[in-house]
């Protein structure tokens with residue numbers, strides 16, 4: 001059986017959304033590990049490892065050390081790893097980089113500059129990462145013009161959420177008092193822009209796979 005792309009979810013409502021569909025559309029089987037429900041991450045044979053977000057500091061995750069060890073094992077073995085928001089921060093820390101607290105938190109839609117051109121992305125975070133050692137800066141933007149995505153030989157991390165769908169946006173904004181994103185702001189043009197960038201990023205991750 002072909003090894004799957006393993007999606008690691010860290011909280012209720014932190015689903016893999018559009019990203020999982022993109023991997024499945026490429027004929028890549030997927031598997032979900034729910035760390036917040038007690039699933040223990042021991043997936044060292046995953047074809048791709050995709051780490052999703054977490055509504056808090058990554059260092060406060062009860063499973064932080066175990067997950068960091070698995071990420072490092074994948075990186076040593078040159079197996080592609082993709083991280084979203086907190087997942088991107090975990091990869092940075094595994095690479096010896098820095099994660100810091102934002103002066104201006106970022107929630108909702110934000111314009112960024114990407115290799116594919118100007119794009120809209122959906123943000124939901126209060127920490128940020130610096131471009132880790134050995135990585136290239138892919139996407140930048142926001143009030144402080146920070147790194148919003150980076151990539152290396154076998155890894156890619158985003159601070160924004162490329163997994164977003166209209167349903168996920170509704171779910172997050174209805175349950176969280178920290179931000180109000182109206183339906184007008186969740187317009188189709190911004191969502192399509194986000195999903196175009198998500199496709200380009202997944203293409204890049206899939207291309208990292210060793211022949």
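Readers should treat all values here as calculations from the given coordinates under stated rules, not as data from a laboratory. All figures in this text were calculated on a predicted structure; none of them were measured in a lab. Note that we place each Cβ from the backbone using ideal geometry, even for glycine, and neighbour counts take in every protein chain shown.
Here residue 77 passes the criteria (1) touching a strand residue (DSSP E or B) at 6+ places or on another chain (Cβ under 6 Å); (2) surrounded by fewer than 19 Cβ atoms within 10 Å (Cβ to Cβ); (3) without any contact (Cβ under 8 Å) to a residue 40 or more places away in the chain except the one numbered (1).
Yes/no per residue for (1) in contact with a strand residue (DSSP E or B) (Cβ under 8 Å, 6 or more places away or on another chain); (2) in contact (Cβ under 8 Å) with a residue 60 or more places away in the chain; (3) assigned to a helix (DSSP H, G or I); (4) surrounded by fewer than 18 Cβ atoms within 10 Å (Cβ to Cβ):
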residue: 31; (1), (2), (3), (4): yes, no, no, yes
residue: 36; (1), (2), (3), (4): yes, no, yes, yes
residue: 82; (1), (2), (3), (4): yes, yes, no, no
residue: 101; (1), (2), (3), (4): yes, no, no, yes
residue: 107; (1), (2), (3), (4): yes, yes, no, yes
